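Asks: Take this structure, written in structure tokens, and hold onto it; I'll ask about it next.
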Amino acid sequence: MSKGKKAEKAGIDLGFDDAQRVAIAGGLSRLLADTYTLYLKTHNFHWNVTGPQFNSLHLMFEGQYTELALAVDLIAERIRALGEPAPGSYSAYAKLSSIKEADGVPSATEMVKILAEDQLAVVRTARAIFPLVDAANDEPTADLLTQRMQVHEKTAWMLRANLG
């Protein structure tokens, strides 16, 4: 069966075969889980940060979780455009995410360190999807991944800058 025929059988012909479409959606599901888990952790740190940097970190974390909230929608919508269901439960995210929950309430400095590393973990998840996307010539997903990586790399840098 040709590539186009496989995709047509699934009801969606995006110009690459069904196995590629499903694999890309699976990678994006991991990215969605990482992004949502990072959103939740950043929101938690926003609520619970204390100390001399309270105001600046509280505002920084708010900007970050707001951006992440918008990002989860973009990622989920791309999964849907690929014809697959987007995961949407905490249990699904726990299975898919490389981001781990924080134990207790870390110090403000530890929060910054944790979030900086988690931002880079999301970059690594996005980067791991690229071989699938490149093989399928899936430019819309490549564009989404590139944009997400740029945001997360910049955010990690800004967090690290707070550590001196």
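Quick note: the coordinates plus some simple rules give every number you see, no bench work behind them. Every value quoted in this text rests on a predicted model; they were computed, and no experiment measured them. Quick reminder, even Gly has a Cβ in these numbers, built from the backbone with ideal geometry, and neighbours come from all protein chains shown.
Asks: Going toward the positive end of the dipole of the chain, with +1 on Lys and Arg Cβ and -1 on Asp and Glu Cβ, which of ALA136, ALA102, ALA86 do you reach last?
Replies: ALA136
Asks: The stretch 127-142 to the stretch 30-80: how many Å between their Cα centroids?
Replies: Each part's Cα centre sits 25 Å from the other's.
Asks: Please state the relative contact order of the stretch 1-158 as a whole percent: Cα pairs under 8 Å, 6+ residues apart?
Replies: Details: 176 pairs, mean separation 45.6, N = 158.
Value for the stretch 1-158: 29 percent.
Asks: According to the square roots a ≥ b ≥ c of the eigenvalues of the Cα gyration tensor, what is the shape class of the stretch 76-164, taking rounded for a/c under 1.5, prolate for a/b larger than b/c otherwise, and oblate for the remainder?
Replies: Values: a/c = 3.04, a/b = 1.55, b/c = 1.96.
Note, shape of the stretch 76-164 comes out oblate.
Asks: So how much slack lies between SER56 and LEU74, counting 0.36 nm per residue of separation and subtracting their Cα-Cα distance, in nm? Could the numbers behind the result be given before it?
Replies: Working: separation 18, 0.36 × 18 = 6.48 nm, distance 2.77 nm.
Stretched out fully, the SER56 to LEU74 stretch lengthens by 3.7 nm.
Asks: Given the options LEU96, LEU70, LEU120, state which has the largest fluctuation in a GNM of the chain using a 10 Å cut-off (strictly under) for Cα springs.
Replies: In this elastic network of the chain, the residue with the biggest mean-square fluctuation among LEU96, LEU70, LEU120 is LEU70.
Asks: Within the chain, how many Lys pairs sit with Cα atoms under 17 Å apart, leaving out pairs fewer than 8 places apart on the same chain? Show your work: numbers first, answer last.
Replies: Details: LYS41/LYS95; LYS41/LYS100; LYS41/LYS113; LYS100/LYS113; LYS113/LYS154.
Counting lysine pairs in the chain gives 5.
Asks: What's the local net charge at LEU32, with K and R +1, D and E -1, over the other residues with C-beta under 14 Å away?
Replies: Values: positive: ARG30, ARG78, ARG80, LYS95, ARG148; negative: ASP34, ASP73, GLU77, GLU84.
Neighbour charge sum, excluding LEU32 itself: +1.
Asks: Next question, about the same structure. Can you compute the helix-only [θ] at 222 nm over the chain? Use -39500 (n - 2.57) per DSSP H run of at least 4 residues, normalise by all residues, nearest 500 deg cm²/dmol.
Replies: Details: 6 runs with 125 residues, N = 164.
Rounded to the nearest 500, the figure is -26500 deg cm²/dmol.
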